[in-house]
Amino acid sequence: MQQAQAQGLPPATTGDITPEPVREGIDLIVNGERFRHTGDPLMPLLWYLRDVLRLTGTKLGDAHGEDGYDLVLVNGKAVSAIKRPMAKLVGARVTTVEGLAHADGSLHPLQQAFIDEDAIGCGYCTPGWLIAGIDLLTRKPKPTDEDIDKLPNRCRCGVQTRVRRAIKRAAGVKA
Amino acid sequence: MSTGLQFSRRRFLQVLAGTAGALVVGVGYADAEVPIPPAMLGDDFGRLGAYVRIDRDGNVLIGARDPDTGTGTATALPRIIAEELDADWTRVTVVPLGLGVEAKNGKPVWTYGHQRSGTGDSIPAAWADLRQAGALARWLITQAAARRLGIAADRLRCEAGMVVTPDGRRFPYGSLVEAAGKIDPPNAPLPLKPPQRYTLIGRPAGDVDARNIVTGQTRYALDAHYADALVAVLAQCPWPDGSLASIETAPALAIKGVVKVMPINPETDVAPGETAIAPAVAVLAENTWAALRGLAELKLEWKPGAHSAEQDSGKLEAQALALLDTDSAPTTRIRDEGDLKAASRKAARRVEATYVQPWLAHATPEPMNCLVRLDKDQATLVVPTQAPKQAWSVVQRLTGLAPDRIAIEVPRVGGGYGRRLDHDYVAEAVMLAKAVDKPVRLMWTREQGLTHDYYRSGTVHKIKAIIGRKRTLIGWDQRMASASALTGRGVAADRLWTSEVAADQLPAGLVPAYRNDWYSLASGMPRGPFRGEPHVTNAFAVESFIDEIAHTLRENPLDTRLRLLGKPRQLALPGGGMLDVGRLLNVLKLVTDRIEWKNWLHNVNGMGVACWHIDGAYVAHAIEAAVHGEKLEIVRVVCAVDVGRVINPLGLQGQVAGATLDALSNALNPAITFRNGQVQQQGFKDYPLASMAQLPNDVEVILVPNDRAPTGASFLAMPTAAPALANAVFRASAVRVRRLPMMKELLRLL
């Protein structure tokens, strides 16, 4: 509309088209895009991401969200997507593993470090490690081994030693 | 060990297409027409119908036939083909092959040969037949170049996707594929590249899926969906032999989006792993959240089955201990060499110990799930499986469809560890899809994976050693009790031991009088294959016990081992099998040198070592550990493996480090217990996998360079990790852990 006026064009006529009533919902930003959730406000973020937005990089972990498979960044902090109902995400900025790389396709340094250190087993827990790792690097750009020890993630393929190296590589600290 | 050639009909490689601007090489049959899937001819790579496709623009597609559960087959298998093809790896795209099945007289014909993962035979099978696929494509391209250029084929060489002439002119493969496709392939197998010309095999390669994984683009089966599919979640009966006592469905059906609530039951007279694992009630809904809300509203009661009350892990263990203490005859006497009685008469010392290991669950990261669409004469499934052929047979039995009307897609799998060799979840999904006449996406919770698993049986080992003069081990009498993973799976009673003991395991062949007895425990709890078994449980007992012998003799446990193993030699084992003692000694030397074992006596931390062999592959661990109060610190871990030729050293290092950490994790904390037939661990709080803090900061991996045929390695590093740690803990704290999980036992004894 502003653009139309700027170009000296008459405002678009509304005629007899009735505008749709504004739908009530929860506005949030996921990976930089605006969305409005109009369904059950108690729906956990995990199912909103996976079923509604079809962003399936965030995985189903345990029911209590304690093993790190379902981590996403909400306003920059790692949270369990299965524990977070949509009602608590009004205006939130959510970043999932799909949103970590830059728009031009270049990877986040931690993503690249995971590739460089071969820090991947079956890969199912990798998105959770990345989110937990980025959360850690945001809080502590030069994490110690004790900081890395506190990551909540669990893995059966045994990637932990390689994840440790990847985090240190991304942080530029000595392995 | 099985190879890819498990069927009687003669397979050969052939050109499947050469006229549509691409060269496609695949597997054909001597007496069958092989239809060319349209996908191989067009731009749709969704269903790769053969192993190799080379396009005119030089891009190469290579199919990976074995599921990749994190074991690296999607990288290693295509590299074996690419090596023989002399392909430019940077131009290769790997496509996971679904199940390759055609129909012949109503019977299935497996068009890709071997398709299974996590059983240690992917690489050996690929080595046996896949190299020919690459060699044939290269031969055809070389022939095409020879004809076009008028140069004898044997004067041309291939290099990174180019044919190179003696005077240095280079012709890209893409420019030759159209002509190559018109050349008849030879009847005899082609000569393979000499290893000194390898440019890919033996060089490190990152996981082909790495970029898609770190960007969240990789789709696992759990991520697949059809728009019209219903999501199904389950309430499962806590007793495998129990049944539904009462159910009230109205509150669940009142939830918006819930479509149907229906019970499913295991079929009778069907082997475990091929039908539902327990009675269940499914809630089917339009989306996952509605299904889970419906599940929460379900009011139901289960009742135990006839045998439920008898199932008690504590009682079973007591039974096993009592059984091994009596002189009752074993279920199977697996080995009995020499004369134990005569050895006993010469005994200077005796050592005896009992080891108890708990039941374990697979705890796969990706939960059990299956997406299935049933049309009138076609079934289409996306299945996280280690064994697509077994999944196929479950679908075929339940649908009665013709063999080639069942399409099974296998995306990357979120961990297998043996759990996905069974397909109860496939049976459940198919039962539901049949009932609702709509596609179904079945999803278990991760917790259900703990309460409804084909468990690894708990084990009890009782070992007696007889030591003669000069500290020589002259007698070894080993008894093991467990509930066989093969029970109910169509295996004869006298073969049930084969999932519980490896006949050639240490110290077979090394002690003059050696006996290994297995006692069968009866249990109604479901059991199944588990990563690294039967080696993990046996190695823990045997390799801990060797340290106990050393302690009795007041000597360095490495010396005890060296004396037991003797000189490097090829040791033919009675009853078959060969032990290359030199290779075992070598891995033992590599890890003890690296960890500086010479400091064993005075080191401030404890050091432990263990070695083992599995099907011609050799492994040793040396571990340094400290016990600070109630805290166990794993200070240093070194592992050396000799697997024959290494296909992808980076992948192998990952497998070795990963299996080490997995084995340590399994040994430190978790145990499955059951009472009145119910598993008591309901979640991961009760079944803790190791945290980052519990595990070592690094695993130092040493690969032995070798030009023998490659062996499987995905679980090779499992067996020796826990005993090496237990041996280090003994040295650090004087506490001998004879019962797992280790942390619980350590806290009890300290």
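The values are calculated or read from the model by the stated rules, or taken from the named source; none is laboratory data. Everything quoted here is computed from the prediction, not taken from an experiment. Ideal geometry is used to build each Cβ from the backbone, glycine not excepted, and the neighbour counts take in all protein chains shown.
Among the candidates A:Gly57, A:Gly65, A:Gly32, which residue alone is closer than 22 Å to A:Asn153 by Cα and either at pLDDT 95 or above or crowded, with 23+ Cβ neighbours inside 10 Å (or both)?
A:Gly57
Determine which member of the set B:Lys299, B:Lys341, B:Lys256 is over 30 Å from B:Arg456 (Cα atoms), outside the structural domain of B:Val426 (by TED's automatic domain parsing) and basic (Lys, Arg).
Of the residues listed, the single one that is over 30 Å from B:Arg456 (Cα atoms), outside the structural domain of B:Val426 (by TED's automatic domain parsing) and basic (Lys, Arg) is B:Lys341.
Residue by residue, here is whether (1) farther than 17 Å from B:Ala347 by Cα; (2) assigned to a helix (DSSP H, G or I) holds:
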site	(1), (2)
B:Gly475	no, no
B:Arg479	yes, no
B:Ser484	yes, no
B:Leu506	yes, no
B:Gly524	yes, no
B:Val536	yes, yes
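Test of understanding: among B:Val627, B:Val604, which residue is more than 14 Å from chain A (Cβ to nearest Cβ), surrounded by fewer than 24 Cβ atoms within 10 Å (Cβ to Cβ) and free of Cβ contacts under 8 Å to residues at least 40 places away in the same chain?
So the residue among B:Val627, B:Val604 that is more than 14 Å from chain A (Cβ to nearest Cβ), surrounded by fewer than 24 Cβ atoms within 10 Å (Cβ to Cβ) and free of Cβ contacts under 8 Å to residues at least 40 places away in the same chain is B:Val604.
Being of a type in the set (A, V, I, L, M) and crowded, with 17+ Cβ neighbours inside 10 Å is the filter here, so list the residues in region B:567-591 that pass it.
B:Leu571, B:Leu579, B:Val581, B:Leu584, B:Leu585, B:Val587, B:Leu588, B:Leu590, B:Val591
Only one of (1) surrounded by fewer than 24 Cβ atoms within 10 Å (Cβ to Cβ); (2) under 30 Å from B:Thr399 (Cβ atoms); (3) not polar (S, T, N, Q) fails for B:Asp477. Which number is that?
Going through the list (1) surrounded by fewer than 24 Cβ atoms within 10 Å (Cβ to Cβ); (2) under 30 Å from B:Thr399 (Cβ atoms); (3) not polar (S, T, N, Q), B:Asp477 breaks only (2).
Return only the number of the condition from (1) buried (at least 22 other Cβ atoms within 10 Å of the Cβ); (2) within 14 Å of chain A (Cβ to nearest Cβ) that B:Thr275 does not satisfy.
Result: B:Thr275 passes all but (2).
Only one of these is surrounded by fewer than 20 Cβ atoms within 10 Å (Cβ to Cβ) and not polar (S, T, N, Q): B:Val270, B:Val231. Name it.
Sole residue among the options that is surrounded by fewer than 20 Cβ atoms within 10 Å (Cβ to Cβ) and not polar (S, T, N, Q): B:Val270.
Quick one: which of B:Gly490, B:Gly524 is assigned by TED's automatic domain parsing to the domain that holds B:Ala659, modelled with pLDDT under 95 and closer than 30 Å to B:Leu284 by Cβ?
One residue alone meets the criteria, B:Gly524.
Suppose we filter region B:156-184 for residues that are buried (at least 23 other Cβ atoms within 10 Å of the Cβ), of a type in the set (Gly, Ala, Ser) and over 18 Å from B:Tyr51 (Cβ atoms); how many remain?
0
Which of the residues belonging to region B:632-681 are more than 12 Å from every other protein chain (Cβ to nearest Cβ), more than 14 Å from B:Leu725 (Cα to Cα) and either of a type in the set (D, E, K, R) or out of contact with any helix residue (DSSP H, G or I) (no Cβ under 6 Å at 6 or more places or on another chain) (or both)?
Answer for region B:632-681, where residues must be more than 12 Å from every other protein chain (Cβ to nearest Cβ), more than 14 Å from B:Leu725 (Cα to Cα) and either of a type in the set (D, E, K, R) or out of contact with any helix residue (DSSP H, G or I) (no Cβ under 6 Å at 6 or more places or on another chain) (or both): B:Asp642, B:Val643, B:Gly644, B:Arg645, B:Ala671, B:Ile672, B:Arg675, B:Gln678, B:Gln680.
Checking the condition outside the structural domain of B:Asp154 (by TED's automatic domain parsing) and free of Cβ contacts under 8 Å to residues at least 40 places away in the same chain, which residue from B:Val231, B:Val214 passes?
Step by step, each of B:Val231, B:Val214 is checked, and only B:Val214 is outside the structural domain of B:Asp154 (by TED's automatic domain parsing) and free of Cβ contacts under 8 Å to residues at least 40 places away in the same chain.
Do we have any residue at all in region B:556-570 that's assigned to a loop (DSSP other than H, G, I, E, B), aliphatic (A, V, I, L, M), touching a Ser or Thr at 6+ places or on another chain (Cβ under 8 Å) and at pLDDT 95 or above?
No, there is no match, as no residue in region B:556-570 is assigned to a loop (DSSP other than H, G, I, E, B), aliphatic (A, V, I, L, M), touching a Ser or Thr at 6+ places or on another chain (Cβ under 8 Å) and at pLDDT 95 or above.
Does region B:281-291 contain any residue that is at pLDDT 95 or above, more than 30 Å from A:Pro127 (Cβ to Cβ) and either crowded, with 21+ Cβ neighbours inside 10 Å or within 14 Å of another protein chain (Cβ to nearest Cβ) (or both)?
Yes, that holds for at least one residue.
Restricting attention to region B:196-216, report how many residues are within 7 Å of chain A (Cβ to nearest Cβ) and within 15 Å of A:Thr96 (Cβ to Cβ).
4
Taking the conditions exactly as written (under 25 Å from B:Ala717 (Cα atoms) and either crowded, with 23+ Cβ neighbours inside 10 Å or not hydroxyl-bearing (Ser, Thr, Tyr) (or both)), does A:Ala101 satisfy them or not?
no
I need a count of the residues in region B:571-618 that are within 25 Å of B:Pro124 (Cβ to Cβ), at pLDDT 95 or above and among the acidic types (Asp, Glu).
Going through region B:571-618 one residue at a time, the tally reaches 1.
Considering B:Ala128, B:Ala153, which residue is surrounded by fewer than 20 Cβ atoms within 10 Å (Cβ to Cβ), over 21 Å from B:Pro195 (Cβ atoms) and among the hydrophobic types (A, V, I, L, M, F, W, C)?
Just one listed residue meets the conditions, B:Ala153.
Residue by residue, here is whether (1) crowded, with 24+ Cβ neighbours inside 10 Å; (2) touching a Phe, Trp or Tyr at 6+ places or on another chain (Cβ under 8 Å); (3) at pLDDT 95 or above holds:
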position: B:Met368; (1), (2), (3): yes, yes, yes
position: B:Leu371; (1), (2), (3): yes, yes, yes
position: B:Ala379; (1), (2), (3): no, no, yes
position: B:Tyr425; (1), (2), (3): yes, yes, yes
position: B:Arg441; (1), (2), (3): yes, yes, yes
position: B:Glu447; (1), (2), (3): no, yes, yes
position: B:Arg456; (1), (2), (3): yes, yes, yes
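Restricting attention to region A:102-126, which residues are touching a residue at least 12 places away in the same chain (Cβ under 8 Å) and among the acidic types (Asp, Glu)?
Passing the criteria: A:Asp116, A:Glu117, A:Asp118.
Kindly indicate whether B:Pro78 is at pLDDT 95 or above, farther than 15 Å from B:Asn648 by Cβ and not basic (Lys, Arg).
No: the conditions fail for B:Pro78.
Out of (1) buried (at least 24 other Cβ atoms within 10 Å of the Cβ); (2) within 14 Å of B:His621 (Cα to Cα), the odd one out for B:Leu703 is which?
If we test B:Leu703 against (1) buried (at least 24 other Cβ atoms within 10 Å of the Cβ); (2) within 14 Å of B:His621 (Cα to Cα), just (1) comes out false.
Right, B:Thr275: within 38 Å of the chain's Cα centre (by Cα), in a loop (DSSP other than H, G, I, E, B), in the same structural domain as B:Ala429 (by TED's automatic domain parsing) and modelled with pLDDT under 95 or not?
Considered against the rule, which asks whether it is within 38 Å of the chain's Cα centre (by Cα), in a loop (DSSP other than H, G, I, E, B), in the same structural domain as B:Ala429 (by TED's automatic domain parsing) and modelled with pLDDT under 95, B:Thr275 comes out as no.
Give me the pairs, please: first residue somewhere in region A:47-61 and at the interface with chain B (Cβ under 7 Å from one of its Cβ atoms), second residue anywhere and of a type in the set (Asp, Glu), beta-carbon distance under 6 Å, and either six or more positions apart or on two chains.
Every condition considered, the pairs that remain are A:Thr56/B:Asp223; A:Gly57/A:Glu98; A:Gly61/A:Asp67; A:Gly61/A:Asp70.
In region B:363-452, which helices (runs of 4 or more DSSP H) lie fully inside it and hold 1 or more residues that are among the charged types (D, E, K, R) and more than 12 Å from chain A (Cβ to nearest Cβ)?
Fully inside region B:363-452 and qualifying: B:388-399, B:424-436.
Taking region B:123-165 as the search range and keeping residues that are assigned to a loop (DSSP other than H, G, I, E, B) and free of Cβ contacts under 8 Å to residues at least 60 places away in the same chain, which one is farthest from the chain's Cα centre (by Cα)?
Once the filter is applied, the top-ranked residue is B:Gly150.
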